[in-house]
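Supplied in structure tokens, the structure appears directly below.
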Amino acid sequence: MAQRITDRPLAGHDDVVAVQAFLSKTYRRTETGLNWEVRRWFGQFWHDDVGTLDRTPRSRFARVHLWESASGRILGVMTPEGGGDAHFQVDPKYREIEPAMLAWAEENLSVKEGEHTTLTTFALAGDDERIDMLRRSGYAIQPWGGVHRWRSLTTPLPARKAKRKYDIRGLESNNRSDIDQLTQLINAAFGRDFAPSALRNFETSPGYDPDLQLVAVRDGTVVSHVGVTIDTPSKLAIVEPVCTHPDWRGKDLATTVMCEGLVRAAAKGATRAVVGTGIDNPANRVYSKLRFDHTEVVQTWKRSWLADA
């Protein structure tokens, strides 16, 4: 007898915690990049200018959808990140629900582009099951994508020379100057417009550890940053973000700061580290230096159809 599967919107704080546990559990037994790691999930509810989870608008919950077994066990989650995009999170034993998840996303997460409706989604290179489904549904692969890179933390890291003119340390959460400068750094490095409140919000998220939010400081100025979040159940160190101010690039700062973050993560019990980036991003040179040699390529797929079709 087939198992009864139901679907519903994300309902509140308890669901957010349940999805966190689902992602942590599945990440241990799937290919890197099939599902999100937990830090990316935290970013949906803590790393923005909306405020704390208790003040998150109901519309944000409605945009995340769950598929559950009869007993209430999560089998799949569909999540947006920007606009017009859909990200599968699925128990690898129940991938037969993916067509229903895609249909829901097309109905609820697609956007209008002129006379057309579009939706962008993602698949691991070599994931024939999802790729075949996307092709049958009219999706076409796009020329851009990402890569998830990981390495074991049980093998030695490459030796790094100390940066004598720089103070490499954890973020001082109560130091307003640290938060203000880090906000400016992230905005300059990524072309964003975060306010300091966004970083203060993230300090309240699960897994946040200021000792693993590393900065390089030169003459009182924060010039480089690497953040690490440990998913304790899976012993996974998630490296995000990695950035150096444009005026201070080319000095090997990100490599040095990231190496310190990995050393600290290993000392706290992490056994594996993962970092995500674009396929052609120059940051890949840093990750290669630190022997993030295991890779999974994430392809981007897009469908466009007439809005009234």
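The values are calculated or read from the model by the stated rules, or taken from the named source; none is laboratory data. Keep in mind it's a predicted model, so treat the numbers as computed, not measured. Please note: Cβ atoms are built from the backbone with ideal geometry, for glycine as well, and neighbour counts cover all protein chains shown. Just so you know, the surface numbers come from the protein's heavy atoms only, side chains and all, with ligands and any DNA or RNA stripped out. Shrake-Rupley method; radii C 1.70, N 1.55, O 1.52, S 1.80 Å.
Among the residues of region 282-302 satisfying the criterion of being open to solvent by less than 60 Å² (accessible area, probe 1.4 Å) and among the charged types (D, E, K, R), which is farthest from the chain's Cα centre (by Cα)?
302
Do we find a residue being at pLDDT below 95, within 17 Å of the chain's Cα centre (by Cα) and either on the phi > 0 side of the Ramachandran plot or of a type outside the set (D, E, K, R) (or both) anywhere in region 173-182?
no
From 28, 60, grab the single residue that is over 16 Å from residue 298 (Cβ atoms), surrounded by fewer than 18 Cβ atoms within 10 Å (Cβ to Cβ) and either acidic (Asp, Glu) or touching a strand residue (DSSP E or B) at 6+ places or on another chain (Cβ under 9 Å) (or both).
28
Out of the residues in region 105-125 that are assigned to a loop (DSSP other than H, G, I, E, B) and under 22 Å from the mean Cα position of the chain (by Cα), state the one that is surrounded by the fewest Cβ atoms within 10 Å (Cβ to Cβ).
Step one: of region 105-125, the residues assigned to a loop (DSSP other than H, G, I, E, B) are 109-110, 114-115, 125.
Next, from what is left, pick out any that are under 22 Å from the mean Cα position of the chain (by Cα): 109-110, 125.
On the way: 109: 21, 110: 21, 125: 14.
So, considering only residues that are assigned to a loop (DSSP other than H, G, I, E, B) and under 22 Å from the mean Cα position of the chain (by Cα), the one surrounded by the fewest Cβ atoms within 10 Å (Cβ to Cβ) is 125.
Report, ordered by the first and then the second residue, all pairs with beta carbons closer than 6 Å, sequence separation of six or more or different chains, a first member in region 133-152 that is under 26 Å from residue 262 (Cα atoms), and a second member that is among the charged types (D, E, K, R) and open to solvent by less than 50 Å² (accessible area, probe 1.4 Å).
Within 6 Å, the pairs are 148/296.
Any residue that is among the small types (Gly, Ala, Ser) and without any contact (Cβ under 8 Å) to a residue 40 or more places away in the chain - is there at least one of those in region 89-102?
If we filter region 89-102 for residues that are among the small types (Gly, Ala, Ser), which is where we start, we get 100.
Subset that is without any contact (Cβ under 8 Å) to a residue 40 or more places away in the chain: none.
Within region 89-102, none of the residues are among the small types (Gly, Ala, Ser) and without any contact (Cβ under 8 Å) to a residue 40 or more places away in the chain.
Return yes when residue 277 is open to solvent by less than 60 Å² (accessible area, probe 1.4 Å), in contact with a His (Cβ under 9 Å, 6 or more places away or on another chain) and at pLDDT below 95 and no when it is not. Lay out the reasoning, then the answer.
Values: open to solvent by less than 60 Å² (accessible area, probe 1.4 Å): yes; in contact with a His (Cβ under 9 Å, 6 or more places away or on another chain): yes; at pLDDT below 95: yes.
Yes.
Continuing with the same structure: Within region 191-204, can one find any residue that is hydroxyl-bearing (Ser, Thr, Tyr), in a loop (DSSP other than H, G, I, E, B) and modelled with pLDDT under 85?
To start, the set of residues in region 191-204 that are hydroxyl-bearing (Ser, Thr, Tyr) comprises 197, 204.
In the following step, the residues that additionally are in a loop (DSSP other than H, G, I, E, B) were identified as 204.
Then drop every residue that is not modelled with pLDDT under 85, which leaves none.
Within region 191-204 (the criterion being hydroxyl-bearing (Ser, Thr, Tyr), in a loop (DSSP other than H, G, I, E, B) and modelled with pLDDT under 85), the answer is no, since none of the residues qualifies.
Right, something else. Give the residues of region 4-40 that are of a type in the set (A, V, I, L, M) and either within 21 Å of residue 96 (Cα to Cα) or not in a helix (DSSP H, G or I) (or both), sorted by residue number. If you could, list the steps in order and put the result at the bottom.
To start, the set of residues in region 4-40 that are of a type in the set (A, V, I, L, M) comprises 5, 10-11, 16-19, 21, 23, 34, 38.
Across region 4-40, the qualifying residues are 5, 10, 11, 19, 23, 34.
So which strands (runs of 3 or more DSSP E) are wholly in region 205-270 and hold at least 2 residues that are open to solvent by less than 20 Å² (accessible area, probe 1.4 Å) and in contact (Cβ under 8 Å) with a residue 60 or more places away in the chain?
Values: elements: 213-218, 221-231, 236-244.
By residue number, 221-231, 236-244.
Is region 112-128 home to any residue that is among the small types (Gly, Ala, Ser) and within 30 Å of residue 203 (Cβ to Cβ)? Please lay out each step first, then the result.
First pass over region 112-128, keeping only residues among the small types (Gly, Ala, Ser): 114, 123, 125-126.
From what is left, the residues that are within 30 Å of residue 203 (Cβ to Cβ) are none.
Among the residues of region 112-128, not one is among the small types (Gly, Ala, Ser) and within 30 Å of residue 203 (Cβ to Cβ), which makes the answer no.
Could you pull out the residue among 192, 164 that is farther than 21 Å from residue 277 by Cβ, surrounded by fewer than 16 Cβ atoms within 10 Å (Cβ to Cβ) and not polar (S, T, N, Q)? Break it down stepwise before answering.
On the way: 192 fails: farther than 21 Å from residue 277 by Cβ.
After ruling out the rest, the residue left standing is 164.
Have a look at 68, 96 and point out the one that is open to solvent by 10 Å² or more (accessible area, probe 1.4 Å), more than 30 Å from residue 265 (Cα to Cα) and part of a strand (DSSP E or B). Reasoning before the result, please.
Values: 96 fails: part of a strand (DSSP E or B).
Step by step, each of 68, 96 is checked, and only 68 is open to solvent by 10 Å² or more (accessible area, probe 1.4 Å), more than 30 Å from residue 265 (Cα to Cα) and part of a strand (DSSP E or B).
Just need a number here: residues in region 167-189 that are open to solvent by less than 30 Å² (accessible area, probe 1.4 Å) and of a type in the set (Ser, Thr, Tyr).
We begin by selecting, within region 167-189, every residue open to solvent by less than 30 Å² (accessible area, probe 1.4 Å); these are 170-171, 178-179, 182-183, 185-186, 189.
If we keep only those that are of a type in the set (Ser, Thr, Tyr) as well, we get 183.
Residues in region 167-189 being open to solvent by less than 30 Å² (accessible area, probe 1.4 Å) and of a type in the set (Ser, Thr, Tyr): 1 in total.
Which of the residues that make up region 145-168 are closer than 29 Å to residue 32 by Cα and in a strand (DSSP E or B)? Explain how you work it out, then say what you get.
First, the residues of region 145-168 that are closer than 29 Å to residue 32 by Cα: 145-160.
Within region 145-168, 145, 146, 147, 148, 149, 150, 151, 152 meet the criteria.
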